[in-house]
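A quick write-up on the structure given underneath.
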């Protein structure tokens, strides 16, 4: 994930240079109309993986083919429905509501149609991707993800070299990559996991369970995707392509942080779901605590130096950028720190299968960000208010998450969570920020200060976490693990 993140960040620099800021903003606005529906992709991915992992945890692997077949049928029906909706209402919205410059309207339509193809193949690969996650084959997932990342970088590299319009070429290239990745997932999953096979006889109860679970999960994903893609569209409507381009830069940093967070989540989620299915709540509580700490401390270690050194990083990464891009990016990092903490909570709630009240109350708060942003823009507020509202709504929603988690999972303890995770996390953040800020102020801007700031952040976070944020048992486990690794290294 670190390698993929580095390649993706370089790809943005190359893409911004090859397309230009206005075309880059136009692409993100038009593609954002289609990508707003990726909440469906997120929903189905989580739902299918949950049912795979739960089934494996109960030792009913003979039911995997039924779940695979039902999910594939649901995806095919949804794909056809989405194609119809986007080619009618979506196309009208792009051509009449986004205020695209007339000379770029043809390219915008190409972007729109090929974004649909990309979305379609992304949906089709979900049952195969979920199978790889459920089997905890993280190496396979990492290899295919890296392949996808390199292929996308290759597409960006050839923008401007061919005679085709850059926006059109980029859209076609992304669609081609989506087809290749789908074929890779399908080929590997079918050959490594023979139990995931299509069958025609599928009980209605399987459809009912998948759709019921997916319905509320879909509402959650709609809220998460809606506020990011929805704000992209609102920024384009109220502030134009340059503000959208600045927000797109911030979103790339958001995606980089999300990749780090998800690399931890995808490793914990199958094991947590299986532990719940086995009623092994002791192991589940340990994994819940570890998952929260891994996410929080890893993101803090990276977030603090990036916030302080952001201008230098963006200048080296993309060249001179607008002040808006710097403000958006700092705020989006704070938002991501808050948002990422929901993952361990949501994993347990999804394990219970009782999503109705959780999704309704939590995500209704989150999705209020969109109308609030529209109203703020309409009243003349500055563009950064959109991300500030995202942060506020995210923090309120997390409090509601914890209340619902306590009701649905009695083993959860407010006191343990607040003292063991939140307060210790705040202490680690304050200590690390204080040390890193002193280093930042003591040195002149440049590569030496950048390295020193990141190094001091890593060292301070690790030491503070080890001595002050981990329990005695966690310290013992970590020390034992490190000694084993050192012994193996010395022997080799």
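The values are calculated or read from the model by the stated rules, or taken from the named source; none is laboratory data. This is a predicted model, so every value here is computed, not measured. Ideal geometry is used to build each Cβ from the backbone, glycine not excepted, and the neighbour counts take in all protein chains shown.
Tabulated data for the structure shown
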| read-out | value |
| --- | --- |
| First in segment 195-222 and at pLDDT below 70, second anywhere and surrounded by fewer than 17 Cβ atoms within 10 Å (Cβ to Cβ), Cβ under 6 Å, 6 or more apart | 216/356 |
| Evaluation of residue 411 against (1) assigned to a loop (DSSP other than H, G, I, E, B); (2) within 25 Å of the chain's Cα centre (by Cα) (one fails), failing number | (2) |
| Of all residues in segment 96-116 being closer than 26 Å to residue 177 by Cβ and free of Cβ contacts under 8 Å to residues at least 60 places away in the same chain, the one that is surrounded by the most Cβ atoms within 10 Å (Cβ to Cβ) | 109 |
| Test: residue 396 is touching a helix residue (DSSP H, G or I) at 6+ places or on another chain (Cβ under 8 Å) and assigned to a helix (DSSP H, G or I) | yes |
| Residue within segment 79-88 that is in the same structural domain as residue 175 (by TED's automatic domain parsing), at pLDDT 75 or above, surrounded by fewer than 21 Cβ atoms within 10 Å (Cβ to Cβ) and within 27 Å of residue 192 (Cα to Cα) present | yes |
| Residue among 119, 123, 153 that alone is surrounded by fewer than 20 Cβ atoms within 10 Å (Cβ to Cβ), under 24 Å from the mean Cα position of the chain (by Cα) and outside any loop (DSSP other than H, G, I, E, B) | 153 |
| Verdict on residue 131 being over 23 Å from the mean Cα position of the chain (by Cα), assigned to a helix (DSSP H, G or I) and crowded, with 21+ Cβ neighbours inside 10 Å | no |
| Candidates 73, 18, filtered to the one that is surrounded by fewer than 20 Cβ atoms within 10 Å (Cβ to Cβ), out of contact with any strand residue (DSSP E or B) (no Cβ under 7 Å at 6 or more places or on another chain), modelled with pLDDT of 75 or more and under 27 Å from residue 159 (Cα atoms) | 18 |
| Of all residues in segment 367-393 being assigned to a loop (DSSP other than H, G, I, E, B) and in contact (Cβ under 8 Å) with a residue 40 or more places away in the chain, the one that is farthest from residue 293 (Cα to Cα) | 383 |
| Residue in segment 424-444 that is under 30 Å from residue 223 (Cα atoms) and either assigned by TED's automatic domain parsing to the domain that holds residue 366 or loosely packed, with under 14 Cβ neighbours inside 10 Å (or both) present | yes |
| Test: residue 173 is crowded, with 20+ Cβ neighbours inside 10 Å, over 30 Å from residue 61 (Cβ atoms) and without any contact (Cβ under 8 Å) to a residue 60 or more places away in the chain | yes |
| All positions within segment 289-318 that are over 20 Å from residue 258 (Cβ atoms) and either surrounded by 21 or more Cβ atoms within 10 Å (Cβ to Cβ) or modelled with pLDDT of 85 or more (or both) | 289, 308, 309, 311, 312 |
